[in-house]
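J.: Just dropping this structure here.
Nothing in this text is a laboratory measurement; each read-out follows from the coordinates by a stated rule. All values reported here derive from a predicted model rather than from experimental measurement. With ideal geometry, Cβ positions are generated from the backbone for all residues, glycine too; neighbour counts draw on all protein chains shown.
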């Protein structure tokens with residue numbers, strides 16, 4: 001009996017140590033997850049190709065991003081003039097890549113904006129086709145930190161260019177990148193306004209989206225998935241940071257029947273943000289599943305950014321659009 005009692009004490013102590021260790025690790029991870037951005041680190045930026053496309057000039061650029069990773073990017077600039085132009089940094093969706101710029105940049109450039117995008121970790125030129133599932137999982141857990149800090153380094157680069165107005169660099173992010181994009185703007189005060197297209201907050205609530213929940217339930221109980229997601233991805237939850245964007249304006253766009261961003265997740269992000277904020281819902285499912293909705297969403301983003309840029313410059317919107 002004495003041996004069993006001692007064994008019980010030892011097991012109890014080990015459990016306490018394990019739980020305590022996990023708790024300490026969680027605190028440290030939450031506090032340091034996005035650390036590592038260094039605005040003074042060498043960018044070593046290089047333009048490798050300049051092409052004339054219908055409606056804009058397309059610059060292929062490489063620069064040193066987060067942890068000195070080499071980041072490939074595209075920059076579209078107006079066909080005429082030399083700037084300095086305002087610029088829209090576009091963060092692509094989770095499964096897209098920088099070349100999506102060619103599908104959406106033209107209306108923004110014709111309205112007088114430059115338009116930039118880069119390959120996020122695991123996408124485009126940064127995709128490791130030989131990665132093991134474990135390596136992909138590890139990269140996925142770190143992807144928000146890379147996306148946030150690679151974006152900040154892109155802004156560092158854009159501010160070195162004489163054809164870009166350094167105080168007129170705006171951001172818009174779609175889906176996954178509405179989530180990470182809100183954190184970029186929370187951390188980086190150089191961005192005057194942001195449009196967040198079909199994003200959400202509160203990591204456990206994100207798992208309630210019907211398509212996501214349907215997949216999870218095939219493998220594990222939801223309570224388990226939510227606990228693991230909270231522990232591992234909680235540091236990247238945009239609801240933790242979005243209040244820091246104020247007093248800069250936010251334009252939220254969401255779908256009324258979104259299979260990937262639950263209403264609870266969208267509301268969590270909206271509620272965590274401070275004024276000034278504008279919230280607009282579009283009938284239907286997730287962005288990209290209906291072309292007509294995509295056109296309306298992009299038109300509304302452009303209108304919002306023109307209005308915000310007019311406030312920065314003191315120029316009437318109609319004059320800027322012409």
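J.: Hey, what did the stretch 42-321 get for relative contact order, percent, Cα under 8 Å, at least 6 apart?
T.: Details: 548 pairs, mean separation 42.0, N = 280.
This gives 15 percent for the stretch 42-321.
J.: Mind sorting 277, 311 by how few other Cβ atoms lie within 10 Å of their own Cβ, fewest first?
T.: Ordered from fewest to most neighbouring Cβ atoms within 10 Å, 277, 311 come out as 311, 277.
J.: Just grab the label-to-label distance for residue 307 and residue 41, each label 7 Å out from Cα along the Cβ direction, in nm (one decimal).
T.: 3.7
J.: Then there's this: Please report 99, 237 as a ranked list, fewest other C-beta atoms within 10 angstrom at the top and most at the bottom. Display every interim value, and only then the final one.
T.: Working: 99 16, 237 25.
Ascending Cβ contact count within 10 Å gives the list 99, 237.
J.: Cα axis of helix 101-110 to longest principal axis of the chain: angle in degrees, 0 to 90, nearest 10?
T.: Once rounded, one gets 40 degrees.
J.: Which FRET efficiency, nearest 0.05, do residue 190 and residue 295 yield, Cβ-Cβ r, R0 35 Å?
T.: Numbers: r = 30 Å, r/R0 = 0.85.
Here the calculated transfer efficiency is 0.75.
J.: Sticking with this one: Using only Cα atoms and rounding to the nearest 10 degrees, what angle (0 to 90) does helix 133-158 make with the longest principal axis of the chain?
T.: Its long axis makes an angle of about 40 degrees.
J.: Given a Förster distance of 51 Å, report the FRET efficiency between residue 80 and residue 275 from their Cβ-Cβ distance, rounded to the nearest 0.05.
T.: Computed FRET efficiency for residue 80 and residue 275: 0.85.
J.: If you count, for each residue, the other Cβ atoms within 10 Å and average over each peptide, how do 132-142, 102-112 line up from highest to lowest?
T.: Sorting 132-142, 102-112 by mean packing, highest first, produces 102-112, 132-142.
J.: Here's something else I'd like to know. Could I have the simple spin-label model distance between residue 51 and residue 67, label points 7 Å from Cα toward Cβ, reported in nm to one decimal?
T.: The two pseudo-label positions are separated by 3.0 nm.
J.: For the pair residue 110 and residue 230, what calculated FRET efficiency results from E = 1/(1 + (r/R0)^6), where r is the Cβ-Cβ distance and R0 = 35 Å, to the nearest 0.05?
T.: About 0.20, to the nearest 0.05.
J.: Then there's this: What is the extension gain from residue 103 to residue 244, computed as 0.36 nm multiplied by their sequence separation minus the C-alpha to C-alpha distance, in nm to one decimal?
T.: 47.6 nm
J.: Kindly express, to the nearest 10 degrees and within the range 0 to 90, the angle between helix 2-32's C-alpha long axis and the longest C-alpha principal axis of the chain.
T.: The answer is roughly 10 degrees.
J.: Continuing with the same structure: Can you give the helix-only mean residue ellipticity at 222 nm for the chain, where every DSSP H stretch with n ≥ 4 adds -39500 (n - 2.57) and the sum goes over all residues, rounded to the nearest 500 deg cm²/dmol?
T.: -14000 deg cm²/dmol
J.: Follow-up. Using the number of other C-beta atoms within 10 angstrom as an exposure proxy, rank 197, 259 with the fewest first.
T.: By the 10 Å Cβ count, ascending: 259, 197.
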